[in-house]
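S.K.: Shown below is the structure under consideration.
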Amino acid sequence: METLFGITGKDFVITAYDSKAVASITLMKTGEDKSRDLNAHSLMLFSGEPGDGVHFAEYIERNIKLNGIRHGIEMSPKAVASFARRELADSLRSRKPYSVNLLIAGFDVKTNKPELYWMDHLASSAEIPFGVHGYGAYYCLSLLDRYHREDITEEEGIKLLQKCITELRSRLILNMPDFVVKIVNKDGIRVVQI
Amino acid sequence: MVEYAMEAISHASTALGILAKDGLVIAAEKKVASKLLDETKSGEKIYIIHDNMICGVAGITSDANILINYVQTAAQQFLYTFNEDMPCEQLVQKLCDLKQGYTQYGGLRPFGVSFIYGGWDEHHGFQLYHSDPSGNYSGWKATCIGANTASAQGILRQEYKEDGMTLQEAKNLAIKVLSKTMDTTSLGSDKLEFATLELVNGKVERRIFNQAEIEALLKENNLFNKTEEAK
């Protein structure tokens, strides 16, 4: 039901999430924020058990901000993703694990490379060129497979994302309202209207 | 208590570090107390903390072992959590936090060791740090701990090139300083420990010199023949 997107390009990562808050078959709210900016060049998208996502994402966000303040060094997306994976893996083996799926997008300012990490609620993590969480994955991964290239520009990336969203709207029985799009590149994170 | 520990270190055998543009050197003097004393198989003065970091020790070796074990574990824990090497200064700070703790709480004595740390990380490149038993640490271009620090640092101050040295120059300077400040007249490979860090194809390469390599280095600096004559 919830859908998260991540698409890497030449020097950026585009992310998108549907802004619905759903309980069972009822739409409770639109305009739900399913992302958190972890530092200047990393952000996290989450879906899954409502509440768990926000709780976990803010826990990670604050730990990463604390780390930045303490040591004056911005953590790389890889370090951020590894840390989040470790926390999720530890939680998985506790009495009450977090039930969240994540996409972590970032731009590594040291290597000048965009990075996207896909992580599920069992804390298996992989670095990927593009990824989708939720039912949307069944419809969009084939599209992304066909049209994604390593060196796409931002406009091409947004077009590809729009193609995916159009497909969702025509195929998925659920009503797919607005998507919130965030792009991370060397200059940081920004919200984009599509 | 800390003052006593510092005093004890100023009598311990010397260790020094020099930062170069393309690497760094850590060198140390081993005091040979008796000619019956055999070499331990592992080094006594220079230790590996992590893939990207080495350190030189002056003070009580048994205390140093505890601290090195602690900081090696910390570096691995960081790698385990973040899948990246721990930044050098964070490692130094971690160790110093432990040292500081022993200066504050009653009933325990502080660790009687000073360290010279040499490391490389992607944030600040090559770095050289010094820490004392109180848990203070500071960054240096070239520094020295143990006996004869005053005269060693004098030579370092004079000969260190502000605009940066090459690793080779740093190695030569390290040998020169040790040859001038060591109490013994003869400088042999059995009395020295020597290690370098440099970048090879963008990766850190550690080199802990063995006896033959140290002898070669002494020969390069025309110090080896002298020692042979002295014998």
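The values are calculated or read from the model by the stated rules, or taken from the named source; none is laboratory data. All values derive from a computational prediction rather than experimental measurement. Neighbour counts are summed over all protein chains in view; Cβ atoms, including those assigned to glycine, are modelled from backbone coordinates with ideal geometry. What goes into the accessible areas is simple: the full protein's heavy atoms, side chains included, and nothing from ligands, DNA or RNA. Shrake-Rupley method; radii C 1.70, N 1.55, O 1.52, S 1.80 Å.
S.K.: Which is the longest stretch in chain B that no exposed loop site breaks, taking sites as GluC sites (Glu not before Pro) with a DSSP loop state and at most 13 other Cβ atoms within 10 Å?
M.R.: B:40-161
S.K.: What residue among B:GLN77, B:GLN153, B:GLN100 shows peak mean-square fluctuation when chain B is described by a Gaussian network model with Cα springs under 10 Å?
M.R.: B:GLN77
S.K.: Would you work out which of A:SER47, A:SER82, A:VAL13 lies farthest towards the positive end of the dipole of the range A:1-86? Charges go on Cβ: Lys and Arg +1, Asp and Glu -1.
M.R.: Checked the options; the winner is A:SER82.
S.K.: Sticking with this structure for a sec: Semi-axes of the equivalent ellipsoid of the range B:1-98: what are they in whole Å, largest first, if each equals the square root of 5 times a C-alpha gyration tensor eigenvalue?
M.R.: 26, 17, 15
S.K.: So what J values fall out for the range B:105-117 if you push phi through Karplus, 6.51 cos²θ - 1.76 cosθ + 1.60 with θ = phi - 60°, rounded to Hz, Gly and Pro as x?
M.R.: 9, x, x, 10, 8, x, 6, x, 9, 10, 10, 10, 9
S.K.: Something else now. With springs only between Cα atoms under 10 Å, which of B:ILE145, B:ILE66, B:ILE54 fluctuates most in a Gaussian network model of chain B?
M.R.: Comparing B:ILE145, B:ILE66, B:ILE54 in a Gaussian network model of chain B, the most mobile one is B:ILE66.
S.K.: Using the crude model of +1 on Lys and Arg Cβ and -1 on Asp and Glu Cβ, and no other charge, please compute the dipole size for the range A:113-194 relative to its Cα centre, in debye to 20.
M.R.: With Lys and Arg at +1 and Asp and Glu at -1, about 240 debye.
S.K.: While we're looking at this one, here's another question. List the trypsin sites (Lys or Arg not before Pro) in the range A:102-194 that DSSP assigns to loop (not H, G, I, E or B) and whose Cβ has at most 14 other Cβ atoms within 10 Å. Which are they?
M.R.: A:LYS110, A:ARG149, A:LYS186
S.K.: Can you show me the helix-derived [θ] at 222 nm for chain A, built from DSSP H runs with n ≥ 4 at -39,500 (n - 2.57) apiece and divided by the number of residues, rounded to the nearest 500.
M.R.: Value at 222 nm, helices only: -11500 deg cm²/dmol.
S.K.: Continuing with this model, one more query. Need the per-residue list for the range A:81-96: every residue with at least 20 Å² less accessible surface in the complex of protein chains than in the chain by itself, probe 1.4 Å, sorted by number.
M.R.: A:SER82, A:PHE83, A:ARG86
S.K.: Please sort through the DSSP H helices of chain B and keep those with an alpha-carbon extent of at least 27 Å along the long axis and a Kyte-Doolittle average not below -0.5.
M.R.: The answer, listed by residue number, is B:61-82.
S.K.: Is the shape of chain A best called rounded, prolate or oblate, per the rule: a/c under 1.5 gives rounded, else a/b larger than b/c gives prolate, else oblate, with a ≥ b ≥ c the square roots of the Cα gyration tensor eigenvalues?
M.R.: Judged from the Cα gyration tensor, chain A comes out oblate (a/c at least 1.5, b/c at or above a/b).
S.K.: At most 12 other Cβ atoms within 10 Å and a DSSP loop assignment: could you name the GluC sites (Glu not before Pro) in the range A:52-156 that fit?
M.R.: A:GLU150
S.K.: What accessible surface, in Å², does a 1.4 Å probe find on A:THR26, ignoring ligands, DNA and RNA and rounding to the nearest 10?
M.R.: Surface open to solvent at A:THR26 totals about 70 Å².
S.K.: Across the protein assembly as shown, what fraction of all alpha-carbon pairs, as a whole percent, falls in each successive 20 Å bin from zero upward?
M.R.: Over the protein assembly as shown, the share of Cα pairs per 20 Å bin runs 24, 40, 25, 11, 1 percent.
S.K.: Positive end of the dipole of the range A:100-166, charges at C-beta (+1 Lys, Arg; -1 Asp, Glu), about the Cα centre: which of A:ILE165, A:ALA126, A:ILE104 has its Cα farthest in that direction?
M.R.: Looking along the dipole axis, the top candidate is A:ILE165.
S.K.: I've got another one for you. Through the Karplus equation 6.51 cos²θ - 1.76 cosθ + 1.60, θ set to phi - 60°, convert the phi angles of the range A:6-14 into ³J(HN,Hα) values in whole Hz; use x for Gly and Pro.
M.R.: For the range A:6-14, the Karplus curve yields x, 9, 8, x, 4, 9, 7, 10, 9 Hz.
S.K.: Using the 4.7 Å Cβ rule, please list in number order the cysteines from the protein assembly as shown without any candidate partner.
M.R.: B:CYS55, B:CYS88, B:CYS96, B:CYS144
S.K.: Against the 2.2 N^0.38 Å scaling, with N counting residues, where does chain B land? I'd like the Cα-based Rg ratio to two decimal places.
M.R.: This ratio for chain B stands at 0.99.
S.K.: Using a simple charge model, +1 on the beta-carbon of Lys and Arg, -1 on the beta-carbon of Asp and Glu, nothing else, what dipole does the protein assembly as shown show about its Cα centre, in debye to the nearest 20?
M.R.: Computed about the Cα centre, the dipole is about 380 debye.
S.K.: What Kirkwood hydrodynamic radius do you get for the range A:24-121 when you take the inverse of the mean 1/r over all pairs of distinct Cα atoms, in Å?
M.R.: 14.0
S.K.: What is the dipole size for the range B:179-218, taken about its Cα centre, with +1 at each Lys and Arg Cβ and -1 at each Asp and Glu Cβ, in debye to the nearest 20?
M.R.: Taking the Cα centre of the range B:179-218 as origin, the dipole is about 140 debye.
S.K.: Once the dipole of the range B:87-231 is set up with Lys and Arg at +1 and Asp and Glu at -1 on Cβ about the Cα centre, which of B:HIS130, B:ALA150, B:THR166 lies farthest towards its positive end?
M.R.: Selected residue: B:ALA150.
S.K.: Going down the list B:LYS30/B:LYS180; A:LYS113/A:LYS182; A:LYS78/B:LYS21; A:LYS34/A:LYS182; B:LYS21/B:LYS141; B:LYS161/B:LYS191, which pairs span over 21 Å between their C-alpha atoms?
M.R.: Going by Cα-Cα distance, A:LYS78/B:LYS21; B:LYS161/B:LYS191 fall outside the 21 Å limit.
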